[in-house]
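The values are calculated or read from the model by the stated rules, or taken from the named source; none is laboratory data. Because the structure is predicted, anything quoted here is derived from the model rather than measured. Reconstructed Cβ throughout: ideal geometry from the backbone, glycine too, with neighbour counts over all protein chains shown.
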Amino acid sequence: MISFESDYIAGAHPKVLEALLQTNMVALSGYGSDPFTERAKENIRKVCECPEAEVHFLVGGTQTNAVVISSLLKSYEGVVAAETGHVSTHEAGAIEHTGHKVLALSQCDGKIDSSELASYLAGFFADANHEHMVFPGMVYISHPTEYGTLYSKSELEAIADVCRRYEMPLYLDGARLGYGIMSRETDVTMADIARLCDVFYIGGTKVGALCGEAVVFTKSNAPKHFTTIIKQNGALLAKGRLLGVQFDALFTDNLYFDISKHAIHMAEQLKAVLKEKGYTFYLESPTNQQFVVLEDEKYEKLKEQVAMSFWEKPDETHTVVRLATSWSTREEDVEVLRGIL
């Protein structure tokens, strides 16, 4: 069985594990107050070209989204997101569990459009009954999106402009941010994201870490006592070193970006093999997630030898599947797949 099921099927990059082993017996203070965590934060500030950024480490993406979103919203507010956004679909109602509604917008290839966002917000406040409704309190986007697509710099600027106009924070889910930043088809840098977003997170779980996400507040806008909020939500590790040491390794000597670049290279090889074998793509993705449409009979036969993710049913006889590369994908994996296809 060869696996292209996801980008977190392997454990952690060897350099991350090495860092954990090397520091294992070092006595460190808890809750992320150790020097490795502090160094990781400083390296992230440098990469973001945002010296005033406040950085916090949490364990996983759903936990991060729930804590950040609930801490920024007032009790009567909800979060605006694409109908295909992770908070809208695959987080088991985690946002709603915090008492906040996800306000879904239509999407195109996983992205929301700034003009549609502006129209939605204008319509909400023009409604004479809006005082009786859930207020849109912030905007959530994913980059890359759940379909592996990317926002351009101009698209991000347009969305950020709408958010500023309505005095709403813009929050970017960067679970796979490394793969977006290192795509050959992007014009967006980490510094652009820090400049345009009020808060975002840098995904570690899917980009070389055992676990962990780095939340970055970019405008001196972190909620008051955010560390206490994290703990109140059961998300503050006593052994905060687990996250700090990993991100210190990832943001030393360009590792985060080098391993992300490798995943993109593997995705390009994967895409070439799929095209060579005549497969139909559901959409064009410039990142590490590739989506193909299979006849159901072919899907049932193929999944006996290839682990991949079911995505959706476009009709009664076809299935859309996702194949993902990662920092751990090898060229020989792609060659084995070529022989199976």
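Only strands (runs of 3 or more DSSP E) whose full extent lies in the range 228-341 are considered here, and the ones with at least 2 residues that are in contact with a Gly (Cβ under 9 Å, 6 or more places away or on another chain) are 289-295, 318-324. Restricting ASN24, ASN43 to those that are touching a residue at least 12 places away in the same chain (Cβ under 8 Å), polar (S, T, N, Q) and over 25 Å from THR325 (Cβ atoms) reduces the list to ASN43.
Conditions (1) part of a helix (DSSP H, G or I); (2) over 24 Å from GLU284 (Cβ atoms); (3) aromatic (Phe, Trp, Tyr), marked per residue:
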| residue | (1), (2), (3) |
| --- | --- |
| SER71 | yes, yes, no |
| LYS74 | no, yes, no |
| ALA81 | no, no, no |
| THR84 | no, no, no |
| GLY99 | no, yes, no |
| PHE124 | yes, yes, yes |
| MET138 | no, yes, no |
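Selection of the range 24-40 for residues being outside any helix (DSSP H, G or I) and among the aliphatic types (A, V, I, L, M) yields MET25, VAL26, ALA27, LEU28. Filtering the range 172-218 to residues that are assigned to a loop (DSSP other than H, G, I, E, B), closer than 18 Å to ILE69 by Cβ and more than 10 Å from the chain's Cα centre (by Cα) leaves CYS197, ASP198, THR218. When ILE95, ILE141 are screened for being within 30 Å of ASP187 (Cα to Cα) and among the β-branched types (Val, Ile, Thr), only ILE141 passes. Put simply, of GLU185, GLU131, GLU213 the only residue that is acidic (Asp, Glu) and in contact with a helix residue (DSSP H, G or I) (Cβ under 7 Å, 6 or more places away or on another chain) is GLU213. Looking across VAL199, VAL245, one residue alone is in contact (Cβ under 8 Å) with a residue 12 or more places away in the chain, assigned by TED's automatic domain parsing to the domain that holds ARG184 and out of contact with any strand residue (DSSP E or B) (no Cβ under 9 Å at 6 or more places or on another chain). It is VAL245.
When ALA81, ALA128, ALA104, ALA160 are checked against the criterion of being free of Cβ contacts under 8 Å to residues at least 60 places away in the same chain, under 18 Å from LEU196 (Cβ atoms) and not assigned by TED's automatic domain parsing to the domain that holds ILE264, a single residue qualifies: ALA160.
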